[in-house]
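Below you'll find the structure, written out as structure tokens, and then a few comments.
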Amino acid sequence: MYTQLHLKDMSALEQMLTGKTFDLIASLRRKYEKIITMMLISMFLMVIIFPMLSDGFTYPGSISGFTKCMFFYLLLLGFYWAKLRGIYYLDLSDFLKERLEQLLTMSRRSLRIEVGFSVAFYVGLLTVGRFFYGKGLEGLATTEMLLLFLLSFLFAGAMIFLIVRRHHRQIKELKSYLKEYQQA
């Protein structure tokens, strides 16, 4: 009698955890699809509104500014497209314990990628911008550039904090699922 109840409880737990893992993957897919959709809409609006903006004194105000803006849009789109493709082609195991471990590994890898991308993006934003304007590496030690780099690092730090907090919440949730499964 005890083993039948234990097997029934184990089966119910497996079904619940399987449902939660699929919900997690579905929510990640929706999140990345939503981000990509919002970016495509904002790119479309930028292309439509740019001719009106370029007549006055507003950003981007020039073809060079428009090109730089589109470059960063495409860079971000490529990043989120790669993350979305990684989720779509994720081949999860049929065994719950292995599936949870795969999701933990994916979440940790995703955290490393997003933190690295954030640092590279915000530091690259200033340096690539200087190359677009033809200034190159000269004048990087000026007070203005040092303040801009500091501001960029602060903004990157804030983004990294938010990214780490979101990923740690997800990793903690997956660890609790795995612990719950191992205890059962």
query: Which of the pairs LYS34/LYS68; LYS31/LYS179; LYS20/LYS175; LYS34/LYS175; LYS31/LYS83 have their Cα atoms more than 22 Å apart in this structure?
result: LYS34/LYS68; LYS31/LYS179; LYS34/LYS175
field: Where labels lie 7 Å past Cα in the beta-carbon direction, separation of LEU13 and TYR89 in nm
entry: 3.6 nm
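Report the chymotrypsin sites (Phe, Trp or Tyr not before Pro) located in the range 72-129 that are in a DSSP loop and have at most 15 other Cβ atoms inside 10 Å of their Cβ, or state none.
Details: sites: PHE72, TYR73, PHE79, TYR80, TRP81, TYR88, TYR89, PHE95, PHE117, PHE121, TYR122; in loops: TYR89, PHE95.
Sites meeting the loop and neighbour criteria: TYR89, PHE95.
Every read-out reported here was derived from the displayed coordinates using simple, explicitly stated rules and does not represent laboratory data. These figures come from a predicted structure and were not determined experimentally. Using ideal geometry, Cβ is built from the backbone for each residue, glycine included, and neighbour counts are taken over all protein chains shown.
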